[in-house]
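Values in this text are rule-based calculations from the coordinates and carry no lab data. What you see is a predicted model; the values in this text were computed from it and never measured. With ideal geometry, Cβ positions are generated from the backbone for all residues, glycine too; neighbour counts draw on all protein chains shown.
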Amino acid sequence: MGISRFVLLVFTISMLASPALSDLVLSKVDRRVSFHLLSSIFISLPLMDLFMMIMGVRFSDLFTASSSPLSCFSNLISWVDRNASIAVSLPSLQTVPFMLTSFRVVLQIYLTSHIVRISSTLEVENAGPETVSKVLLAFPDLQAQNLAYLMASPHEAKAKVKVSVVSFPIDVVKPEDMPPGVTFYSVSLPQGLTVGASFTFDVLAVFTHALRPMPEQIGQADIQLVLYQDSAYYLSPYVVKVQSLSLKLPDSRIESYTTLESTKVQGSEIKYGPYENLPAFSSSPITVHFENNLPFAIAQELVREIEISHWGNVLVTEHYKLIHGGAQSKGEFSRLEPQARENVQGPSAVRYLVAHLPPRAHSVYYRDAIGNISTSHLRGDSKKTELLIEPRYPMFGGWRTAFTIGYGLPLQDCLYESEGRRFLNITFSSPMIELVIDTLIVKVVLPEGSSDISVAAPFFMKQWQETKISHLDIVGRAVVVLEKTNLVPEHNQYFQVYYKFNRLSMLREPLMLISGIFFFFVACIVYMHADTSISKFSASYLAKQQWEEVRVAIQQVHNIICRCLATHDKLEASLRDLSRTGEVQTCKAARKSTDGLLKELSKELKPLMTFLQSSPSAVQVLSKVEELVAKERELLEKLMAKHSTAVEAYEKKSGARDIENRIALQQQKITALRQEVDDLLEFIDEI
């Protein structure tokens, strides 16, 4: 080993002394490798022994005693060229298990919707001297910003892209001496990978907002084109022995794509590779411009409220604020154009959404701020209940809408009991198919009196507790609030909310209802049997009684005056009969009977007027009553004078015109007085 160090030292000195020689070597390897090679020589020569042991080569194989200096140099250059990619990982010796090798990588990128899913099958091999229990995954920072879901699971020979029940723990890590602009995740293997052993597992990464509309604005009848950018090489901190890439598009209509070595297009699928012996952190940018008319439905905010009732029902209410995240719509919207031409329907518009509800969902409704929306269809079977909803208008790029759906679930399908605690087991996210959710807030409303509350979820989320006051509540119901951003359908997994609840608390609300009804009827009985009148000796009661007596007396006066006026009418009728028949005796007899009636009415009126004049409560209305009586008497006098004049003229056999002239003035006064009497009667009647 001493000879090898000496030869390497001589080579290093010669490389530093000759610029041409140093440029030739540095063209084969990364300059960081050269730096660490020199560091290993001058600072820590034993590290070079470890490095050569990892490389699996001896210096005696490169530099032999019989070899010429030129051949030794050629051997070193070829060796560096073969192992340059492994040497790049040398700076991370202490933080990354660089002895791993990505033996085989199969990448499948699904671009069939606005959610990008990257499924990769990784076969790693431990080529180092120690057991390895973790594997690093690398993503560019720009891509990691849109990473919504990441899962690693055991590989199955015929597995499809789906969420596996068993997954490996994944943590975000920041290894030292790594290239900038890369985010790393550490996957914990189920068991340590021994030296020389290999392990195959699947990784599913789901990205949102990864497709960019190109052009960004389209017309109502235009197709939607999107742009996707990635790398044809799998980004890995390890050497990749063999790698292949497949991009699956929604349609075979492809505008353009990056062409590299070993590129094939088969229908709606673009294949790159296979590529062999790729160094760590290899990258080859690719761009695909293709047609994607699937609706880009994005829920900017979704608030789910799950209310538990131990009386047999779980009520789920979901409030959506939806936006079409595809290419923006330009120009004016026309309903006439799609109706006139069936082929112009807005290919990328959101015309309906489909939600897969639990199989026994009931009482389903769909409404917005205006009211109920009838354009929905519900059908179900033993496995699921499918709800198809249509917005009030087709949604084009950039358009927004807000609506609410709700349904009930049987309690036995969601609520269970274990070790003295109850727990709710229900899905976390939206039941909508292919819906991206920017912000999701889940509120679980527990029954009043719940305690010892905890949440078990398959992924990290913000959580806190609130209190909600509802009907028949005393202290309010505990509300567990969960919040998470950037969600995809893969997040629609089951989570559990554990709590303790006393069975006797279920009787609280029925007892409150029974007690309330009981006390209501008791109050009614007491009210009906109790004397709630005011005391008969109080001033207000006496004043009320006096006013009531005054009111009765005024009503009697009113009736008497009305009867007097009716008598006046009879007297007027006798005069009309006289002018028609000329029978004077009949007219005199009518007056005689009228005088008798008026005398009787005058007798009845006298005590009433005396009472009103003596009552303090009648002071405000006494003047009007006295004026009414006076006007009636004056009217009676004028009427009697008219009657006497007419009878006397008929006895003298005067002419009709002479009689009319004699009573004309009297008739005018009678008419005026009668109007005044009627006005006073109306005023008193209001009293």
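Structure notes:
- Efficiency of FRET between Asp452 and Asp251 - r from beta-carbon atoms, R0 56 angstrom, step 0.05: 0.55
- FRET efficiency, Ile474 to Ser133 (Cβ-Cβ, R0 51 Å, nearest 0.05): 0.45
- Stretchable slack from Val354 to Glu509, in nm (0.36 nm times residue separation minus alpha-carbon distance): 52.0 nm
- Extension gain, Phe333-Gln555: 0.36 nm per intervening residue step, less the Cα-Cα distance, totals 72.4 nm.
- For Ile373, residues with placed amide H under 5 Å, excluding near neighbours: Tyr366, Arg367, Asp368
- R0 of 51 Å, Cβ-Cβ distance Cys524-Gln465: FRET efficiency to nearest 0.05: 0.75
- Proximity of backbone amide H atoms, modeled 1.01 Å from N, is registered between Phe403 and Tyr320, Leu322 at under 5 Å, excluding neighbours fewer than 5 places apart on the same chain.
- Spin-label model distance (nm) - Ala539 vs Glu390, 7 Å beyond Cα toward Cβ: 7.7
- Two-decimal Rg to Rh for region 543-686 - Kirkwood Rh, Cα set: 1.08
- Label positions at Phe611 and Leu565, each projected 7 Å from the Cα along the C-beta direction, are separated by 2.2 nm.
- Cross-link reach is defined here as a Cα-Cα straight distance under 16 Å, omitting same-chain residues fewer than 8 places apart; for Lys264 the aspartates and glutamates meeting it are Asp251, Glu255.
- The chymotrypsin sites (Phe, Trp or Tyr not before Pro) of region 225-326 meeting both criteria, a DSSP state outside H, G, I, E and B (loop) and at most 14 other C-beta atoms within 10 angstrom of the site's C-beta, are Trp311.
- Relative contact order [Cα under 8 Å, 6+ residues apart], region 543-686, whole percent: 31
- Residue-wise HN-Hα couplings along region 264-279, as the Karplus relation 6.51 cos²θ - 1.76 cosθ + 1.60 with θ = phi - 60° gives them from phi, are 9, 10, 10, x, 9, 10, 10, 10, 10, x, x, 10, 10, 6, 8, x Hz; Gly and Pro carry x.
- Residue-count net charge about Met461 - beta-carbon cut-off 10 Å; Lys, Arg +1, Asp, Glu -1: +1
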